[in-house]
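A short write-up of the structure that comes next.
The values are calculated or read from the model by the stated rules, or taken from the named source; none is laboratory data. Every value quoted in this text rests on a predicted model; they were computed, and no experiment measured them. Note that each Cβ is placed from the backbone with ideal geometry, even for glycine, and that neighbours are counted across all protein chains shown.
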Amino acid sequence: ASFGFTMSFMMSCLILCALMLFPAQSRAEEVIRIRHYHLQPRHDFALKLLELVLSKNGTPYQIIAVKSNEVLTEGRVEKMVMDGELDMLFISTSATRERTMIPIKEHIYRGLLGLRLLLIKHKNNEKFKQIKNLQDLKPYVAGHNVHWSDFGVFKANGLKVVSTTSYDALFEMLKHERFDYFSRGVNEVWSELAQHSDQLVIADNVMLFYPHPVYFFVGKHRPELAALVEKGLKIAMQDGSYKALFLSYYADTIKKANLNSRTMIYLNNPAVPAGTAPIDTSWWLTP
């Protein structure tokens, strides 16, 4: 009887220890899930960077692209993050966004998205070759998405703008001459041109540049995720893996743009909050 009691007592202790131990182990192995709504090919780099950043923490993760039956505007996606329906997005910064979400203040694109080439109609290429400064650009009309945070850049610099809420519609509007040019990030424009090269070209000898900081923004319901992203991003910046990823995506693109042959028109960006750290473009953009 004594032996049976001892065995029973030992088994109970083992079970109790297991119950105490397994929850801790399951917490350690818990998968970090991140819901987002970035579904277009132009978002690939930032999503790959997010994977790199999360891998630096040694915590299992799952990045989930949330699909919708409707095309969601940038403003709607932003609200979904604020409401907790999504966990994060990457987007250009503004004072409002820095108040309503948690910004990770590292420049995802290192200023690349602020360097803009101009998609135009084939027949207008000769006209655009004559543009040398901001005054020369002012007679022409830009197309832009009203929800994009750099929308105000054009009006702030005295440029005419026609707007819509649809990304895809902008290409068709340009083809139908509703406006004269569609300014695109040098990292975006080549894949877009490939889809519309039947009627559009990149203006030969001009480019725009304005400060355009893009951050990861995390919903306030996920502060632990914000901490992981910030930590991992700092590691990636310091150990060279961010730069290696950036150049693997964009070195050829930057070379193809032949930047030294282009006239740069600098624009002010009033949406950039006061005190925003300057963007170091030194290792990809020659002054």
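Values as computed for the structure displayed
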{"read-out": "Test for Arg76: is it basic (Lys, Arg), at pLDDT 90 or above and loosely packed, with under 13 Cβ neighbours inside 10 Å", "value": "no"}
{"read-out": "Segment 165-183 - residue that is surrounded by fewer than 14 Cβ atoms within 10 Å (Cβ to Cβ) and among the acidic types (Asp, Glu) and, of those, nearest to the chain's Cα centre (by Cα)", "value": "Asp168"}
{"read-out": "Only listed residue being of a type outside the set (D, E, K, R), over 20 Å from Gln62 (Cα atoms), modelled with pLDDT of 95 or more and assigned to a helix (DSSP H, G or I), chosen from Ala236, Ala251, Ala244", "value": "Ala244"}
{"read-out": "From the options Asn269, Asn187, residue that is at pLDDT below 90, part of a loop (DSSP other than H, G, I, E, B) and surrounded by 13 or more Cβ atoms within 10 Å (Cβ to Cβ)", "value": "Asn187"}
{"read-out": "Residue in segment 93-110 that is over 30 Å from Arg222 (Cα atoms) and in a helix (DSSP H, G or I) present", "value": "no"}
{"read-out": "Residues being hydroxyl-bearing (Ser, Thr, Tyr) and surrounded by 21 or more Cβ atoms within 10 Å (Cβ to Cβ) - total across segment 216-241", "value": "0"}
{"read-out": "Which numbered condition Arg116 fails, given (1) outside the structural domain of Ala226 (by TED's automatic domain parsing); (2) in a loop (DSSP other than H, G, I, E, B); (3) in contact (Cβ under 8 Å) with a residue 60 or more places away in the chain", "value": "(2)"}
{"read-out": "Qualifying residue in segment 247-266 (condition: touching a residue at least 24 places away in the same chain (Cβ under 8 Å), touching a strand residue (DSSP E or B) at 6+ places or on another chain (Cβ under 6 Å) and farther than 21 Å from Trp190 by Cα)", "value": "yes"}
{"read-out": "Of all residues making up segment 127-180, the number that are assigned to a strand (DSSP E or B) and under 27 Å from Leu89 (Cβ atoms)", "value": "8"}
{"read-out": "Selected residue [at pLDDT below 95 and closer than 20 Å to Val229 by Cβ] from Val71, Val53, Val81, Val66", "value": "Val66"}
{"read-out": "Filter pass, Glu78 being touching a Gly at 6+ places or on another chain (Cβ under 9 Å), of a type outside the set (A, V, I, L, M) and either closer than 18 Å to His212 by Cα or assigned by TED's automatic domain parsing to the domain that holds Leu54 (or both)", "value": "no"}
{"read-out": "Residue within segment 207-216 that is at negative phi, among the hydrophobic types (A, V, I, L, M, F, W, C) and either assigned to a helix (DSSP H, G or I) or without any contact (Cβ under 8 Å) to a residue 12 or more places away in the chain (or both) present", "value": "no"}
{"read-out": "Residues that are free of Cβ contacts under 8 Å to residues at least 24 places away in the same chain and among the basic types (Lys, Arg), drawn from segment 64-90", "value": "Arg76, Lys79"}
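Yes/no per residue for (1) touching a Leu at 6+ places or on another chain (Cβ under 7 Å); (2) within 17 Å of Gly219 (Cβ to Cβ); (3) among the hydroxyl-bearing types (Ser, Thr, Tyr):
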site: Glu30; (1), (2), (3): no, no, no
site: His38; (1), (2), (3): yes, yes, no
site: His43; (1), (2), (3): no, no, no
site: Leu49; (1), (2), (3): yes, no, no
site: Leu52; (1), (2), (3): yes, no, no
site: Gly58; (1), (2), (3): no, no, no
site: Tyr61; (1), (2), (3): yes, yes, yes
site: Ala65; (1), (2), (3): yes, yes, no
